Amino acid sequence: MGNKFTKSSSDSKFTKPTGLYPTCEWDDKTVKKMINKKKVAPRYPGREEPGVELDECPICFLWYPGGLNRSKCCKQPICTECYLQFKKPNSQKQVTCPFCNSLDYGVKYTGSMTKEERDVLEQEEQKVIKAKIVARKAELERQEEREKEVAAERAAERERRALEPPPPPTPPTQETRASTRRPASAAELRTVGGGERERSALF
């Protein structure tokens, strides 16, 4: 898949796409000039397993020899294939850094890192990891406090409703009285019917 890295190969030979992405808007000649002028890192093929003096690109998670490009804003590493996907050729639009969201994203290439530089980078990464852990812990604590407050408010509302006196009964309306009236029995109906006939006979 693309170039094959050997120790005897020159960096300038690794200028063609490695096949990491299906397309690249950059012209191969333009990228070759950028690599030869040390503006970006060579297009080494990435490896899936870490190794001695290999750097991991945090975008594609592959490991590369010879050092990676460094973001000018936050010093984060990025391989050339991933960088060329973010930075479009001849574009007047400012590109946002994929790591810190700074505008006018750009990189510089200085070759492989020294041991001191690797140690400093590792320490910075550990600080970032610890900061994320602390922030996550604080967020969970705030969420737990909010849940406790909501539960307390609901319990207080239930207690308040339980202490309230029951509402007075609603007086029955005419319709309610009519609907609740006891139906007349058969004997009552016969009495009413007989009285009606007696009154009719008198007239």
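The values are calculated or read from the model by the stated rules, or taken from the named source; none is laboratory data. In this text, all values refer to a predicted model and were calculated from it rather than measured experimentally. In this analysis, Cβ positions are derived from the backbone assuming ideal geometry, glycine residues included, and neighbour counts consider all displayed protein chains. Side chains included, ligands, DNA and RNA excluded: accessible areas come from the protein's heavy atoms. Shrake-Rupley method; radii C 1.70, N 1.55, O 1.52, S 1.80 Å.
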When E53 is evaluated against the numbered criteria (1) of a type outside the set (G, A, S); (2) more than 19 Å from T15 (Cα to Cα); (3) crowded, with 18+ Cβ neighbours inside 10 Å, which criterion, by number, is the only one it fails?
(3)
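Is it true that T30 is within 27 Å of S102 (Cβ to Cβ) and more than 32 Å from the chain's Cα centre (by Cα)? Can you show your working first?
Details: within 27 Å of S102 (Cβ to Cβ): yes; more than 32 Å from the chain's Cα centre (by Cα): yes.
Yes; evaluated as a whole, the condition is true for this residue.
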Quickly run through the range 1-26 and pick out the residues that are open to solvent by 50 Å² or more (accessible area, probe 1.4 Å), modelled with pLDDT of 90 or more and of a type in the set (F, W, Y).
Y21
Looking at Y83, Y105, which one is of a type outside the set (A, V, I, L, M, F, W, C), outside any helix (DSSP H, G or I), surrounded by 10 or more Cβ atoms within 10 Å (Cβ to Cβ) and modelled with pLDDT of 85 or more?
Y105
Starting from the range 87-102, keep only residues that are free of Cβ contacts under 8 Å to residues at least 60 places away in the same chain, then list their pairs with residues that are basic (K, R) and open to solvent by less than 60 Å² (accessible area, probe 1.4 Å) whose Cβ atoms are within a distance under 8 Å, requiring at least 6 positions of separation or different chains.
V95/K87
